[in-house]
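Structure record follows, encoded as structure tokens.
The values are calculated or read from the model by the stated rules, or taken from the named source; none is laboratory data. Quantities reported herein were computed from a predicted structural model and do not represent experimental measurements. FYI the Cβ positions are ideal-geometry reconstructions off the backbone, even for glycines, and counts take in every protein chain you see. The accessibility values were calculated without ligands, DNA or RNA, using every heavy atom of the protein model including side chains. Shrake-Rupley method; radii C 1.70, N 1.55, O 1.52, S 1.80 Å.
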Amino acid sequence: MNGGKRVWIGLLLSAIFVALFFVTVDFRRLLDALMGANYVYVIPGIGLYIIGVWFRTLRWRRLLHHIRPIPTTRLFPVVVVGYMANNLLPLRLGELVRSYYVGDREQVSKAAALVTIFIERLLDALMLLLFILVIAIFVPLIGLAEGFEERFSLPWPLLAGAISIPFIGAFGLLVVVAYTPAKVRALISLVLRLMPTAIESRLMHIVDMFLEGLESLKSPLTILAVFILSAPVWLFEAGLFLFVGYSFGFHEIYDNLPELIVVMILVTAIANIGASIPAGPGGIGLFEIIARETLVLLPLATMDRAVAGAYVAVVHACLLIPMIVLGQFFLWTQHVSLRSLTRLGQDKDREPDE
């Protein structure tokens, strides 16, 4: 599938989810909630989110270290530009942009860098699943699960398995491959021998770059370090959810601050896992629906759907807009355009790395 078709499919999916979001909420009450919010709390919330992005950079630096040690200050703009691209382009094309940008800027294998980004995504999902598991020990989530079962017409155990098993299985498989690269390479080489020599050589080069990207997973200490670094990434983002919650008076809806914090972490986890499905730019539409329904279905408080919808719309804007503005600033200072990175990144998606 070429890049143009992927873009249109992503935009169509996003349009469908946005339409679904608006037709399932009282639009006038949503506007009233937006008008009545106290946006002073948004500023520190965005500050916490940017700190979380800095921790993302520290984590990625650790995953890239075996390829090339890169200072965090040089990686941070690359991470921001990648998130900016994800916020503007559908189907998570920003991952390709980030891998191309760091490869061009730091002279590292773009394919190997893309593998480390994929590892990042799996670590994010595993950490968010851990958050949900820990919270489920203290908060009854059966009502939430049954609510999603009703809305998505899937038994909630099947829905939970469909969300968690692929991430756990994929990460486990990558660790196995990282520990047995020679065997994996030999097996793939055996299969590729059936192809013409030129194609075999081309594909084996890609395989070698893929295996290079997995080198960090051979170290249990590195796995532990990057997993631990994933915790502040999401706790700081949950801080943004919390501060925007204060903007909408959530501290008056929930009985106490610890309860509100638990809810914000839970909404952060469920919304981001759900929106990790490659769809529209920045997960627009899908993120709003999942986060809104999580707030409405949670048993800890009675949440008006229109207020919840207004809240998640502001949260998502706070996640998207700062990265777009900051990413564009970094591109201007480097005299680079997002269009050129996107085009070259998509070309690299079809070609082997250097």
Computed magnitude of the charge dipole of the range 80-174 (debye, nearest 20; Cβ of K, R +1, Cβ of D, E -1)
240 debye
Positive end of the charge dipole of the range 243-346 (Lys, Arg +1 and Asp, Glu -1 on Cβ, about the Cα centre): tell me which of Val262, Ser340, Tyr311 has its Cα farthest that way.
Ser340
Point-charge dipole on Cβ atoms (K/R +1, D/E -1) for the chain, about Cα centre, debye to 20
1040 debye
Reported to the nearest 10 Å², Ile165 has, with a 1.4 Å probe, an accessible area equal to 110 Å²
Can you find, among Ile70, Ile132, Val80, the residue sitting farthest towards the positive end of the charge dipole of the range 42-185, where Lys and Arg contribute +1 and Asp and Glu -1 at Cβ?
Ile70
In whole µm²/s, the translational diffusion coefficient that Stokes-Einstein assigns to the chain, given a Kirkwood hydrodynamic radius over C-alpha pairs, 4 °C and 1.567 mPa s, equals 60 µm²/s
Return, for the Cα atoms of the range 53-140, the radius of gyration and Dmax in Å, separated by a comma.
14.6, 50
Enter the angle in degrees (range 0 to 90, nearest 10) between the Cα long axis of helix 72-88 and the first principal axis of the Cα atoms of the chain, meaning the one along which they spread out most.
70 degrees
All alpha-carbon distances of the range 210-354, grouped into 5 Å bins from 0, give the whole-percent distribution 2, 8, 13, 16, 14, 15, 14, 9, 6, 3, 1, 0
Placing +1 on the Cβ of each Lys and Arg and -1 on the Cβ of each Asp and Glu in the range 164-221, which of Val176, Val191, Leu221 has its Cα farthest towards the positive end of the resulting dipole?
Val191
Give me the three principal axis extents of the range 167-268 from the C-alpha atoms, as integers in angstrom, largest value leading.
68, 28, 18
Taking Cα atoms, the helix 27-36 axis meets the longest principal axis of the chain at an angle in degrees (rounded to 10) of 90 degrees
What is the magnitude of the charge dipole of the range 259-349 about its Cα centre, with +1 placed on the Cβ of each Lys and Arg, -1 on the Cβ of each Asp and Glu, and no other charges, expressed in debye to the nearest 20?
280 debye
Candidates Ser230, Ser276, Ser219; GNM for the chain (alpha-carbon contacts under 10 Å) flags as most fluctuating Ser219
What is the packing order of peptides 121-131, 94-104, 33-43, taking the mean over residues of other C-beta atoms within 10 Å and listing the highest first?
94-104, 121-131, 33-43
